[in-house]
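Nothing in this text is a laboratory measurement; each read-out follows from the coordinates by a stated rule. All figures in this text were calculated on a predicted structure; none of them were measured in a lab. Methodologically, a virtual Cβ is constructed for each residue, glycine included, from the backbone with ideal geometry; neighbour enumeration extends over all protein chains shown.
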Amino acid sequence: TGKLRIDNNGLPLRGKKIILMQDGRILVGCASYLTSSGKDQNMAVARILPNGRPDTFFAPGGVFTVDFGRDDWYEDFALQSNGGILIGGSSVDESTPDGGQYLAFARIVVDGGR
């Protein structure tokens with residue numbers, strides 16, 4: 001047993017879903033906050049190695065952040081059979097008259113790229 005606390009460059013993460021991969025690595029779908037107050041956020045996935053350390057090959061600090069340039073709300077993620085990760089939610093552009101909420105999703109490839 002053990003525990004791990006990680007953040008995204010000193011800013012808070014809020015984990016919402018965990019997937020245990022066949023090789024023992026752990027994926028955690030997160031909201032990644034852009035301020036310490038918890039306002040403004042991006043979508044993120046953290047990957048942890050079987051030894052309990054963040055997977056820095058996946059992304060710096062083990063956390064891959066997806067930023068659509070607005071306030072992005074994480075909803076869910078899924079692991080594809082080829083190891084790719086689909087992450088989705090919505091992106092809000094409050095500068096538009098209707099508040100501009102849009103469907104937003106991305107695919108993260110096996111090596112940590114988009």
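When the dipole is taken about the Cα centre of the chain, and only Lys, Arg (+1) and Asp, Glu (-1) are charged at their Cβ, what size is it in debye, to the nearest 20? Mind dumping the intermediate values first?
Details: 12 positive and 13 negative charges, 116 e Å.
Using Cβ point charges on Lys, Arg, Asp and Glu, the chain gives about 560 debye.
Here the label points at Gln22 and Asp93, each 7 Å from Cα along the C-beta direction, are separated by 4.1 nm in the simple model. In terms of packing, defined here as the mean over residues of other Cβ atoms within 10 angstrom, the peptides 73-79, 40-46 line up highest first as 40-46, 73-79.
Separation of the stretch 85-103 and the stretch 1-75, taken as the distance between their Cα centroids, equals 20 angstrom. As a length-normalised measure over Cα pairs under 8 Å and 6 or more apart, the relative contact order of the stretch 1-75 settles at 26 percent.
Assuming R0 = 22 Å, can you tell me the calculated FRET efficiency for the pair Asp71 and Asn9, based on Cβ-Cβ distance, to the nearest 0.05? Let's see the in-between values first.
Working: r = 18 Å, r/R0 = 0.83.
That pair, Asp71 with Asn9, gives E of 0.75.
Test of understanding: what is the full-extension gain from Leu103 to Ser81, defined as 0.36 nm times their sequence separation minus their Cα-Cα distance?
Working: separation 22, 0.36 × 22 = 7.92 nm, distance 2.36 nm.
Residue separation times 0.36 nm, minus the Cα-Cα distance, leaves 5.6 nm.
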